[in-house]
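S.K.: Here it is: the structure, laid out below.
Bear in mind that the values in this text are calculations on the coordinates, not laboratory data. Values in this document were obtained by computation on a predicted structure and should not be read as measured data. With ideal geometry, Cβ positions are generated from the backbone for all residues, glycine too; neighbour counts draw on all protein chains shown.
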Amino acid sequence: MTLLRDHDLTTAFDHAAPAYDRLTAANPGYHADLRRSARRLRLPDEGAGLHLLDLGCGTGASTRALLEAAPRARVTAVDASAGMLRRALAKPWPANVRFRHLTAEELAADPAGGPYDAVFAAYLFRNVTDPDAVLASVRALLRPGGRLAVHEYSLSGSPLHRALWTAVCRAVIIPAGTLTGDRDLYHHLWRSVLAFDSAPAFAARLARAGFGGVRTLPVAGWQTGVVHTFLAGSGHRGGREGGR
């Protein structure tokens, strides 16, 4: 199967939005791992005075995780899927959170965007057509010393973890998505992870994009070796880099 891209992928997310939260809630550790990755940004003073970007916010689970890590920050959350954003907007949010309908590729040309003190991107980069271009945009939007945390399905490179991912998809994820009428999206999820960078390869991609202090950290539970947190600093001079 060819991977879904651009408009086709956005349309698939729009269709899947009503059932998306129920399916992710059935994944043990899904929300806890997002919170862990957001905390790994190590934002000071609960984020007071900081402007944060949640890139690819979906229905708001990553936004909630970022807000829990930095409740005093100003958070801008963006997503390409109008359907996912409608689900996010239906939830209660404090006044320091706003949502915008933008693709990752549109950020660089957004006159109201940035600069940001930190960017959190969960389950995004394997879904964009040109991850290097998006990384360049993200780096340009970060303040000097800004921090990036990427939470992503990026396999360790071990055949064991590749086989585990395929087994979970065939036994659980694709059948569950089929029941909600979203088989194509969850088949894409399976294939997109297999096609995406391994964890070492994505870390190297971050370094090539000019990010500094790149670190790769595992998550807990069954997703160890399947999902990783990638931490990096903007690489610009003028401040302390993230990724501690």
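S.K.: Taking 0.36 nm per intervening residue step and subtracting the Cα-Cα distance, what contour gain separates residue 14 from residue 194 on full extension?
M.R.: Between residue 14 and residue 194, full extension yields an extra 62.5 nm.
S.K.: If you take the beta carbon distance between residue 48 and residue 217 as r and set R0 to 22 Å, what does 1/(1 + (r/R0)^6) give as a FRET efficiency, to the nearest 0.05?
M.R.: Values: r = 25 Å, r/R0 = 1.15.
Result of the calculation: an efficiency of 0.30.
S.K.: Equivalent ellipsoid semi-axes for region 1-135, as square roots of 5 times the alpha carbon gyration tensor eigenvalues: give them largest first, rounded to whole Å.
M.R.: 23, 18, 14
S.K.: Could you bin all the Cα-Cα distances of the chain into 10 Å bins starting at 0 and give me the percent of pairs in each, rounded to whole numbers?
M.R.: Spelled out per bin, shortest first, that is 8, 34, 40, 17, 2, 0.
S.K.: Can you list, largest first and rounded to whole Å, the semi-axes you get for region 105-202 by taking the square root of 5 times each eigenvalue of its Cα gyration tensor?
M.R.: 30, 17, 10
S.K.: Compute the angle between helix 131-141 and the longest alpha-carbon principal axis of the chain, please, reported from 0 to 90 degrees and rounded to the nearest 10.
M.R.: Approximately 30 degrees, to the nearest 10.
S.K.: Let me spell out the model: positive unit charges on the Cβ of Lys and Arg, negative unit charges on the Cβ of Asp and Glu, origin at the Cα centre of the chain. What dipole size does that give, in debye rounded to 20?
M.R.: Values: 29 positive and 21 negative charges, 145 e Å.
Using only the charged Cβ atoms, the result is roughly 700 debye.
S.K.: Sort 120-127, 80-87 by the packing proxy (mean of other Cβ within 10 Å over each peptide's residues), most packed first.
M.R.: 120-127, 80-87
S.K.: What do you get for the angle between helix 159-168 and the principal long axis of the chain? Use alpha-carbon atoms, 0 to 90 degrees, nearest ten.
M.R.: 70
S.K.: Nearest 10 degrees is fine. How inclined is helix 30-39 to the longest principal axis of the chain, computing both from alpha carbons?
M.R.: Tilt of helix 30-39: around 20 degrees.
S.K.: If you don't mind, there's one more thing I want to ask. Order 6-13, 30-37 from most to least packed using the mean count of other Cβ atoms within 10 Å.
M.R.: Numbers: 6-13: 17.0, 30-37: 19.1.
Output ranking for 6-13, 30-37: 30-37, 6-13.
S.K.: With label points built 7 Å along Cα→Cβ from the Cα atoms of residue 108 and residue 82, find their separation and express it in nm.
M.R.: My value for the distance between the label points is 2.6 nm.
S.K.: Here is a follow-up. Using only the alpha-carbon atoms of region 156-244, report the extent along each of the three principal axes, biggest first, to the nearest angstrom.
M.R.: Ordered largest first, region 156-244 gives principal extents of 51, 26, 20 Å.
S.K.: Under unit Cβ charges (Lys, Arg +1; Asp, Glu -1), what dipole magnitude, rounded to 20 debye, does region 40-167 have relative to its Cα centre?
M.R.: Its charge dipole is roughly 340 debye.
S.K.: Output the antiparallel fraction of DSSP beta bridges having both residues in the chain, as a percent to the nearest 5.
M.R.: 35
S.K.: Quick one: length gained pulling residue 204 to residue 167 fully straight, 0.36 nm per residue minus the C-alpha distance?
M.R.: Separation in residues times 0.36 nm, less the Cα-Cα distance, equals 10.6 nm.
S.K.: Sticking with this one: Anyone know which of 194, 23, 185 comes out most mobile in the 10 Å Cα GNM of the chain?
M.R.: 23
S.K.: Then there is this: For the chain, calculate the relative contact order in percent as a whole number, restricting contacts to Cα pairs under 8 Å that are 6 or more residues apart.
M.R.: Result for the chain is 22 percent.
S.K.: Oh, and also: Mind ranking 154-167, 196-209 by how tightly packed they are, going by the mean number of other C-beta atoms within 10 angstrom, highest first? Provide the component values of the computation, followed by the final result.
M.R.: On the way: 154-167: 15.5, 196-209: 17.6.
Ranked from most to least packed, the peptides come out as 196-209, 154-167.
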